[in-house]
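Here's the structure, in structure tokens; my notes come after.
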Amino acid sequence: MIVTTARKGAEQLYEKALMFAEKIDGRFIVRKEQSVEDLKELYNNHVLVVGKGKVTLYHLEHKEPFFYHPNSAMFRVKQYLRTNYDPLVEAAQLSEGKDFLDCTLGLASDSLVAKVAVGNCGRVVGVEANPYLACLVDFGLKNWQEGSKEMLEAMRGIEVIHTSHLDYLSSLPDNAFDVVYFDPMFEQHLANSTGIKGLKWFACHDDLSEQVIVEAKRVAKKRIVLKDHWQSTRFDKYQFVVMRRQHSSFHYAYIEV
């Protein structure tokens, strides 16, 4: 991974770029007047551009950049604060003080809603297998400035861990979290999600397995929750109870532990 700065104010961004290079084990390159496409061609690698207010990740073979944004979570948090309802909160039966493990963090949209629901007394941990996404999302959650006080406090309270969900689940003691959550990456999900196009080139596409479900059952005190496409075979394969939502492309489902 090549790490560089934005062109504007580059000298003031060196220290920040070097910090990112160290975190992701990348190589820092002085930007000069080279374009991102020039850097990709010259070094035959992905490029991370560190700006004053935004950090952007460019895949070697694709045009769509990736940068952190709370995406639909901003709307969902507003709705939840107004109505005290969100389909994930209902499926996971979240309330003040509960602990929530998000095994497929992505942009942390679901973790953000969960953190608002469980409050300061509750714990939300997000696991991300890709080191670049883990780094950018962790930075984004700690530095995003727009939104309500409740949303910003929730962002700062999410713990981001870079590892595979199977490795992390296997390392935990029994009954470590009230809820273990999965939202696996799949093409139907991405087709209509224009806000996260750049994510799919870096996201982990590992499927759920019997071993993962077994570990999740051991770790969860209350429920395992799955968000998946309405046509997914995972619901029946792992015997989830599906909470069908009319006119929705996605359903939530759970296993009561």
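Readers should treat all values here as calculations from the given coordinates under stated rules, not as data from a laboratory. From a predicted model like this one, the values you see are computed outputs, not experimental measurements. Virtual Cβ from ideal backbone geometry, glycine too; neighbours counted across all protein chains shown.
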Here region 79-89 yields Karplus 3J(HN,Hα) values (6.51, -1.76, 1.60; θ = phi - 60°; whole Hz; Gly and Pro given as x) of 4, 5, 5, 7, 10, 6, 9, 8, x, 5, 4
Loop trypsin sites (Lys or Arg not before Pro), region 213-257 (other Cβ atoms within 10 Å of the site Cβ: 10 or fewer; DSSP): Arg244
Please report the net charge: other residues with Cβ closer than 12 Å to the Cβ of Phe182, K and R +1, D and E -1. -4
Would you give the gap between the C-alpha center of region 7-30 and the C-alpha center of region 102-150, rounded to a whole Å? 24
List, in order, the whole-Hz ³J(HN,Hα) value for each residue of region 234-247 obtained from phi through the Karplus relation with A = 6.51, B = -1.76, C = 1.60 and θ = phi - 60°; use x for Gly and Pro. 5, 4, 6, 4, 10, 6, 7, 8, 8, 9, 6, 10, 4, 6
What value in Å³ per residue do you get for the convex hull of the alpha-carbon atoms in region 2-63? 75
Length released on extending from Asn175 to Tyr14, taking residue separation times 0.36 nm less the Cα-Cα span: 53.6 nm
Helix-only mean residue ellipticity at 222 nm, the chain, DSSP H runs n ≥ 4 weighted -39,500 (n - 2.57), per residue, nearest 500. What is it? -10500 deg cm²/dmol
How would region 73-256 be classified by its alpha-carbon gyration tensor: rounded, prolate or oblate, with rounded meaning a/c under 1.5 and the a/b versus b/c comparison settling the rest? rounded
